[in-house]
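Colleague: Below you'll find the structure I mean.
The values are calculated or read from the model by the stated rules, or taken from the named source; none is laboratory data. Keep in mind that what you see is a predicted model, and the values were worked out from it rather than measured. Note: ideal-geometry Cβ built from the backbone for every residue, glycine included; neighbour counts use all protein chains shown. Keep in mind that these areas ignore ligands, DNA and RNA; they rest on the heavy atoms of the full protein, side chains included. Shrake-Rupley method; radii C 1.70, N 1.55, O 1.52, S 1.80 Å.
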Amino acid sequence: MSGSLQFTAISGANNEDAVCYLLEVDNAKILLDCGSYENYSEASLEQLQRVARQVDAVLLSHPDMAHLGAYPLAFSRYGLTCPAYATQAVHMMGRMCVRDTVMSLKAREEFSLFDEKDVDKAFENITPLQYFQPKALQGENGSIVVTAHSAGHTIGGTIWTISNETETV
């Protein structure tokens, strides 16, 4: 990209942690996935908590805990209120996956980080997109366009392209 491009691993780069990456394109901060396993380890979520309020957009790629399990927590507790995007299948199945995990956790232990209502509220913030449907980011980052493409190995799974006026990553 003609401006600046910086990639930071929040989690999942060098181990088996759930995935969450911050991509800075020009002035936009884009969170690529927002995963957490059901243990919701404070240590693994610490860096997400630090950056959540600064994020301009979230791109969710797969409907499982490893890719979106921390999204309701970040939305309800960390101040992650920016627009989020996913395919329809990731949106619907991801909501079911996280709701099911929350119900399971509550049935076997004291779990109060967030509840099913928080999951629903967070997922209402997600804009479902079709494959190949370009979507310009909002506000001052409107020159950046994200597009979902089929990852080819899961229903709704997504590889994202991110473009500005001159380049695509």
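Colleague: Quick test of the membrane-span-like rule: which DSSP H helices of the chain reach at least 18 Å along their long axis (C-alpha atoms) with mean Kyte hydropathy at least -1.0?
Modeller: 88-108
Colleague: As a test of reading the structure, rank Ser104, Ser11 by solvent-accessible area (1.4 Å probe, protein chains only), most first.
Modeller: Ranking Ser104, Ser11 by accessible area, largest first, yields Ser104, Ser11.
Colleague: Out of all DSSP beta bridges with both ends in the chain, state the antiparallel percent to the nearest 5.
Modeller: 70
Colleague: Now for a separate question. What are the GluC sites (Glu not before Pro) within the range 60-166 that DSSP puts in a loop, where the Cβ has at most 12 other Cβ atoms within 10 Å?
Modeller: Glu109, Glu110, Glu165
Colleague: Between Ala43 and Asp120, what length in nm is gained on full extension when 0.36 nm per residue of separation is reduced by their alpha carbon distance?
Modeller: Length gained, Ala43 through Asp120: 25.2 nm.
Colleague: Largest first, how would Phe111, Phe123 line up by accessible area (1.4 Å probe)?
Modeller: Largest accessible area first, the list is Phe111, Phe123.
Colleague: Suppose the chain between Val169 and Glu24 were pulled fully straight at 0.36 nm per residue; how much longer would it get relative to their current alpha carbon spacing?
Modeller: 51.0 nm
Colleague: Another question, then. Express the accessible area of the range 24-74 per residue in Å², computed with a 1.4 Å probe while the remaining protein chains stay in the model.
Modeller: Heavy-atom SASA per residue in the range 24-74 reads 38 Å².
Colleague: Here's another thing I want to ask about it. Let me know the charge dipole size of the chain about its Cα centre in debye, to the nearest 20, where only the beta-carbon of Lys, Arg (+1) and Asp, Glu (-1) is charged.
Modeller: 280
Colleague: Roughly how many Å² of Leu59 are accessible to a 1.4 Å probe, to the nearest 10?
Modeller: Its accessible surface works out to 0 Å², give or take rounding.
Colleague: So how exposed is Ser150, as accessible area in Å² (1.4 Å probe, rounded to 10)?
Modeller: 60
Colleague: Please give, to one decimal in nm, the separation of the simple spin-label points placed at Leu113 and Ser4, each 7 Å out from Cα toward the Cβ.
Modeller: Here the answer is 3.1 nm between the modelled labels.
Colleague: Taking the mean number of other Cβ atoms within 10 Å as a proxy for protection, how do you rank 40-50, 154-164, 81-91 from highest to lowest?
Modeller: Top of the packing list down: 81-91, 154-164, 40-50.
Colleague: So for Arg95, Arg77, what's the accessible-area order with a 1.4 Å probe, most first?
Modeller: Solvent-accessible surface, decreasing: Arg77, Arg95.
Colleague: What size of dipole, in debye to the nearest 20, comes out for the range 84-169 about its Cα centre when the only charges are +1 on Lys and Arg C-beta atoms and -1 on Asp and Glu C-beta atoms?
Modeller: Value, rounded to 20: 240 debye.
Colleague: Also, I was wondering about something else. So what's the back-of-envelope 222 nm ellipticity for the chain, counting only DSSP H runs of four-plus at -39500 (n - 2.57) apiece and dividing by all residues, rounded to 500?
Modeller: The helix-only estimate for the chain comes to -9000 deg cm²/dmol at 222 nm.
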